[in-house]
1. Karplus couplings for the range 43-53 from phi (6.51 cos²θ - 1.76 cosθ + 1.60, θ = phi - 60°), rounded to Hz, Gly and Pro as x?
2. Which order do the peptides 48-55, 490-497, 524-531, 392-399 take when ranked by the mean count of other beta-carbon atoms within 10 Å per residue, highest first?
3. If one puts a single equal scatterer on every Cα of the range 295-401 and applies the Debye formula without solvent, what log₁₀ I(q)/I(0) results at q = 0.22 Å⁻¹?
4. Among Val496, Leu573, Ala444, flag the residue with its Cα farthest along the positive direction of the charge dipole of the range 410-586, charges on Cβ as +1 for Lys/Arg and -1 for Asp/Glu.
5. Would you mind checking which residues have amide H under 5 Å from Thr363's amide H? H placed 1.01 Å from N; only 5 or more apart, or other chain.
6. With the cut-off at 27 Å, report for the range 410-586 the share of all Cα pairs above it, as a whole percent.
7. If amide hydrogens are placed 1.01 Å from N in the peptide plane, which non-local residues have theirs closer than 5 Å to the one on Gly72?
8. Given all pairs of different Cα atoms, what value in angstroms does the Kirkwood hydrodynamic radius of the range 458-562 take?
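Rule-based calculations on the coordinates, nothing more; no lab input. No experiment lies behind these values; they were computed from the predicted model shown. Every residue, glycine as well, gets a Cβ built from its backbone with ideal geometry; the counts of neighbours run over all protein chains shown.
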Amino acid sequence: MIGIPLRFKTAVALVLLGLLTLLAGIGQTTIWAPAETVTATAPADAKAAPLTVIDHKLRTVEGGTVTIKVKGEGSFLLAAGRPDDVDAWVGKTAHNTVTGLSEDTKALQVERTDGEATAPTPAGSDLWVSTENASGELDYTWTAPADGDWSLLLASDGTKPAPTSISMTFPNDTSTPWAVPLMVLGGLLMIAGAALLVLKPKGGTPGQGGFHISLGSQFAKRARAKAAARASAKAGTGAGTRLSILVAAATAAVLAGTGVAAQASQTPQPAATGASSSAAPSGSASAAPAAGDSPVLLDAQFRRILEQVASATDAGDAAKDAKKLTARVAGTELEVRTQNYKIRSRVASYDARMPVRSTKLLTTVVTSKRAWPRSVLAVTQGEGNVVPQLLTLVQSSPRENYKLVGTTPLQPGTTFPSIERNGTETLSKDDKSGLLYSGEEALAGLADRLTKANSTFKDKLVEGESSPYIADTLSYQSDVVKEGVNGKFAFSHKVVPGSTVVFRTADGGALVLGRLTFNFDGTPKSEGDKLSIGSDAAVLAGGKETTSGMVLNFAESMAVYVPPADSKDPMKLVAATRGLVGAKFK
């Protein structure tokens, strides 16, 4: 009885082993393929706190889009903001922070920070670029509204516990590095087994002696052509033919003599981050740049704030009620409008303040200085505005909203200086770096020029048609002195301490804003002489005539352009206005 030749047994074994190896490689990309996402859940025993922060690093820890599911009792909100803004708003309030992932990426790491038991509601804060309100449950897709880092804040109303049932779903590493090598190896083994069956032994009888395997060039060419043709014919047939495509591609690569074993999987590889990265260990998020140079407001935030400011001023103007202003108006503008309402309630002919409009936003100026107080500017013009006006808004602290502190019409024919819209540098009032004058020097020079006809700053400020305010003020003061034959009059303009804000312009100069106090002092020349004041001032002084003297106070809002240090140009008054805020008899 003739036994089965060893060559035949070996060939069959190689083919079977190759088939199993090939199937193992294919299985890694199909039935054994890793899940496309992984979900991590916050510990159920986490101690409740009024606020919960989700660290900005978790948005990019695994690469790709992150989705969040939050469950809680009653209503709650999720707010997105810059990490430093979120931290500043949280302040000393007790809170939980979701900081990273566990080693197996199945659990969220949560750190507790003790502190104050309650906080104001974060709803409506200007710090948030967006908010999501929910009741009971929220599904949220975490995307960045702009470049840089963004953290999330969860809260109910600041007094009740924030939701603690939080799960986050991240993209998973679906790479299969052994799939292609196994398929290639399986293909090689099957080809070797087939060769043993087809080729005859050299110089001996079947089953005896040695044999020689030779893959001729014609055989190799035909095999490559057939494999490539099969792969091409099936390339567009959909997911159901994936196995055939992989087998054909592997065989063609082997016969072509390429180094397939070193190639990557057919599936795109995510960035090596988070738990799968050697650069960033599991359970910690990868480092990201800080937001130190980011503008304090995005355009969408600025427009929303401006709309609310305009609504508040419209309501106050319509009702002549300063209480309706307090949520969005402060400082000089609140003082001037309050007195304006008081005068207009008694003197119908008295001019109202220029309305605040948000419909036509010409430009914005946003600081990249992230410390508080923060100042921003808007130039707007709408119905009721004869000329564009410069609006100055200030946020005093993280938990306060921006408030309008000044509305200043641009000087006729003035071109507003170019300032970087993506965030510009703000300087301290005494910082003269790169400037012809510091901010405080510029305003002090303007105040001196408005006070004295022979001021040393007369030639250092542009005057005439492009800056009529200076000439008009000097003319008014001169006329009062000439016409007031019964009185002695003195005028002064002084910078209000703490009011100066300086923004760097695109050409290296600066735009300086501040408040001056304009005092108008009158005293009768002789005993028995009387001084009269206008109906507007009489409302505040309580009468129209005095024999003892009077003092009128005006608040002046100013904006001055200061050229760079190497410029020979004079300073220029960009915007100016004044409003009566006080009147009294001596």
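1. Values per residue, Gly and Pro as x: x, 5, 9, 4, 6, 5, 8, x, 9, 10, 9 Hz.
2. On the way: 48-55: 23.4, 490-497: 17.0, 524-531: 12.5, 392-399: 18.6.
Ranking, from highest mean packing down: 48-55, 392-399, 490-497, 524-531.
3. Values, matching the q order: -1.26.
4. Among Val496, Leu573, Ala444, the one farthest towards the positive end of the dipole of the range 410-586 is Val496.
5. Val379
6. 34
7. Under 5 Å from the amide H of Gly72: Gly136, Glu137.
8. Roughly 16.1 Å, rounded to one decimal.
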